[in-house]
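Here is the structure we will look at, set down as structure tokens.
The values are calculated or read from the model by the stated rules, or taken from the named source; none is laboratory data. Computed from a prediction, not measured in an experiment: that's the story for all the values here. No Cβ is skipped: glycine too gets one built from the backbone with ideal geometry, and neighbour counts run over all protein chains shown. For accessibility, only protein heavy atoms count, side chains too; no ligands or nucleic acids. Shrake-Rupley method; radii C 1.70, N 1.55, O 1.52, S 1.80 Å.
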Amino acid sequence: MSKLRYEDEGVSVFIQIIAIICMIGLVGVSVYIVTKWAEKPKVREVHSLSISAEPSKTAGQSSSITVRAYDAEGNPVRGASISLVALAIRGGYTGDYEVNLALTDRGDGTYTSNLTSTWAGVYSIHASVVGTDIVASANTTFEPGAPANIVVSATSPKPASSAYKSTVTFYFADAYGNSLPPNRVQPGISPSEGWHVENLRSSPKGLFSFDFVTDNWGTATVSITDNATGISGSTHVKFSPIYLESSMKITPPEIELIHPKDLDMQTIEEGKQELSVNVGIFIPPTKGQLGMYHMTIEYDSSLLYLINVLDGNPADEFPAPIFEVLSENSFRIRNYGTPTGAAVDVAILNFEAIALGKGSILITDVQLSDTAWKPIEVPVTFENKSENVKVLKRLIVPIKAWIVDNSGTSEADVRSDAEKKAENMLNTNSLACVLDYEFVFIVEINRIPKDNWDNIAGADNKLSWAEVDILALRYRWGRWINVYYVPNCTLPKGALGWWRRKDNIILIDDKKDFDNLTLAHELVHEFSKSEVKDSPENNAAAQGGTRPRNIMNYDDTGGDISGEQGKLINEEIERRRDEAGLYKPYRPGPAPPP
């Protein structure tokens, strides 16, 4: 009995042991299964993107942006690596201003962001999957806000037939300096009594101008109002008996790259600058007819050398002026006659610049008489008339231009772009006393073989930044300004042009250069080392970059450089003039290694 009983117990223990082993096995399997279920599933690959942005906002506001990622089956993908960038549009193409935007992953395949802009214009917003060619784009427009102020300026008065006129220019700006289009404002113009407005005109972007005309002397005030909001502004114009108009003639230096002396930014001794000042007299019809004038001219003889004094208009009835030297820096001119008309160009004063600097030409002791020898009384406030002059420093700018063989861009096109368009634009601002330099471009043109270009740009004819690095490494000379005219190629970000600080290069898609000002725009970046900002940047308005016809204004590009921008360019160039080898080209011969 006992034995059997022990056997029963033994069997029971054995069965229990087997059961425990089985349970452990089952638990192990269970643990294994649970462990597999807890693993994080792999992130699916993004097959496509979509993007949407609020189409229109007001400057200063934010545009909401939504990006969605999808896999090959159209399911949303979360956790994707997506880049978002906004590029400002210039002339229908993206410019060289961009802003990277942070994206918030909503966890359901949706990614959101915001773009805030004080600049009024169009942005192209691009979302792309990092490391791929998957991209989606949308545009958003920022409109100018409500009128906040009026910006008014006036030219020095000039004779117009029997009247005296000044050209007054104005535009309405919002709180951020953006100009408003004509359909957003109702301009009203109120001149002083005795003066009147002629030929009011406007541009599509909102730049207004008119001729401010009088038949008398005095200081006139013209007030401009937006009749819709009541915002107003004004300017004063001084109509003097004497009018001066100066112009400078610059004789380019004769420079050959074979010359043994290196070119640099400090070359100022070659070439001449000549200054001509046209002196005129305006006699209102109520004062009678001019029969005699007598005046003294004072000038800075340490800055200018008097060449001669010529007849202002050989065709009128005034003979050549009688000229008398009074001292080393002053002379007198006078004349007698019976010229017809109220405005008379009496003399042309020709000077040669002999030193750098700023000065003035001052006219004093003005005496006028009519044809009956009766004195024409000149108000005391108009007895003196001055013209500010500036002798420019010379700035040699050596440019190494690169064009691709058989690209359709000719050497003549490139030289015209640099030596005529960009150089002339800069020198126009110099002659207007905005810049301190006479710019002389020395352009050397080099060619890139078509096969070499294809190897760099690839079959897609698009340049990535990595490919730009290769381009600059293979085709770049020293400390010249290297300019690449890409052959109908897509630049990084699809840009019209680009200046890159790190290697001192400029890229231009010449097929997109709608206004022929891209090189000039990029050179402003170069000369100021990007201290002069593009209009979309928040501090550009304070520099004048949002003003109509400004070179940095993406929405209304022109050839103007503001005084604020000119100051930044002058300061930066002056700071760098003493740097060893700045912009200095290598002597003739094969290009040295970069």
Just one of the numbered conditions (1) β-branched (Val, Ile, Thr); (2) at pLDDT 95 or above; (3) touching a Lys or Arg at 6+ places or on another chain (Cβ under 7 Å) is not true of Thr94; which one?
(2)
Tell me, which residue of the range 131-159 that is within 30 Å of Gly280 (Cβ to Cβ) and touching a residue at least 60 places away in the same chain (Cβ under 8 Å) is most open to solvent (accessible area, probe 1.4 Å)?
Lys158
Which members of the range 109-121 meet the condition of being touching a residue at least 60 places away in the same chain (Cβ under 8 Å) and out of contact with any Lys or Arg (no Cβ under 9 Å at 6 or more places or on another chain)?
Thr118, Trp119, Ala120
Out of Val34, Val29, Val99, Val67, which single residue is β-branched (Val, Ile, Thr) and modelled with pLDDT of 95 or more?
Val67
Output for Cβ contacts, cut-off 9 Å, separation at least six or different chains, first residue assigned to a strand (DSSP E or B) in the range 318-333, second among the acidic types (Asp, Glu) and surrounded by fewer than 17 Cβ atoms within 10 Å (Cβ to Cβ), reads Phe331/Glu324; Arg332/Glu324; Arg332/Asp365; Ile333/Glu324
When you scan the range 113-124, do you find a residue that is farther than 30 Å from Asp556 by Cβ and in contact with a Ser or Thr (Cβ under 9 Å, 6 or more places away or on another chain), even just one?
no
When the range 93-117 is checked residue by residue, the ones that are surrounded by 15 or more Cβ atoms within 10 Å (Cβ to Cβ), of a type outside the set (Ser, Thr, Tyr) and assigned to a loop (DSSP other than H, G, I, E, B) are Leu103, Gly109
Asn516 fails exactly one of (1) more than 12 Å from the chain's Cα centre (by Cα); (2) polar (S, T, N, Q); (3) modelled with pLDDT of 90 or more, namely (3)
Name every residue in the range 525-549 that is open to solvent by less than 10 Å² (accessible area, probe 1.4 Å), out of contact with any Gly (no Cβ under 7 Å at 6 or more places or on another chain) and of a type in the set (Ser, Thr, Tyr), in order of residue number.
Ser528
Flag for Val443 being touching a helix residue (DSSP H, G or I) at 6+ places or on another chain (Cβ under 9 Å), open to solvent by less than 30 Å² (accessible area, probe 1.4 Å), at pLDDT below 90 and within 21 Å of Ala418 (Cβ to Cβ):
yes
Thr546 within 12 Å of Ala120 (Cβ to Cβ) and under 11 Å from the mean Cα position of the chain (by Cα)
yes
Scan the range 167-176 and tell me whether some residue there is closer than 30 Å to Ile89 by Cα, open to solvent by 40 Å² or more (accessible area, probe 1.4 Å), of a type outside the set (Val, Ile, Thr) and at pLDDT 90 or above.
yes
The range 353-406, residues that are free of Cβ contacts under 8 Å to residues at least 24 places away in the same chain and in contact with a Leu (Cβ under 9 Å, 6 or more places away or on another chain)
Pro375, Glu377, Asn384
Looking at the range 535-594 only, could you name the residues that are modelled with pLDDT under 80 and of a type in the set (A, V, I, L, M)?
Ala580, Leu582, Ala591
Taking the condition farther than 16 Å from Ile297 by Cβ and modelled with pLDDT of 85 or more, does Ser360 pass?
no
Mind counting the residues in the range 550-561 that are open to solvent by less than 10 Å² (accessible area, probe 1.4 Å) and small (Gly, Ala, Ser)?
1
Looking for something among the charged types (D, E, K, R), in contact (Cβ under 8 Å) with a residue 40 or more places away in the chain and not in a strand (DSSP E or B) - is there at least one such residue anywhere in the range 292-314?
yes
Filtered residues of the range 280-291 (kept if open to solvent by less than 10 Å² (accessible area, probe 1.4 Å), β-branched (Val, Ile, Thr) and not in a strand (DSSP E or B))
Ile283
Take residues that are open to solvent by less than 40 Å² (accessible area, probe 1.4 Å) and touching a residue at least 40 places away in the same chain (Cβ under 8 Å) and tell me which of the strands (runs of 3 or more DSSP E) falling wholly in the range 179-251 contain 2 or more.
208-214, 218-226, 232-239, 242-251
Look at the range 372-391 and say how many of its residues are open to solvent by 70 Å² or more (accessible area, probe 1.4 Å), more than 23 Å from Val237 (Cα to Cα) and either at pLDDT below 85 or of a type outside the set (Phe, Trp, Tyr) (or both).
3
Residues of the range 493-524 satisfying the condition of being closer than 14 Å to Tyr97 by Cβ and open to solvent by less than 10 Å² (accessible area, probe 1.4 Å)
Ala495, Leu496, Gly497, Thr518, His521, Glu522, Val524
Unmet criterion (only one of (1) hydroxyl-bearing (Ser, Thr, Tyr); (2) open to solvent by 20 Å² or more (accessible area, probe 1.4 Å); (3) under 23 Å from the mean Cα position of the chain (by Cα)) for Ser430:
(2)
Looking at Leu368 and the list (1) modelled with pLDDT of 90 or more; (2) under 27 Å from Cys433 (Cα atoms); (3) buried (at least 16 other Cβ atoms within 10 Å of the Cβ), which single condition is not satisfied?
(2)
Restricted to the range 459-482 and to residues being small (Gly, Ala, Ser) and within 25 Å of Gly131 (Cβ to Cβ), the residue most open to solvent (accessible area, probe 1.4 Å) is Ala459
Residues of the range 56-90 being open to solvent by 40 Å² or more (accessible area, probe 1.4 Å) and under 27 Å from Asp509 (Cβ atoms), in sequence order, are Ser83
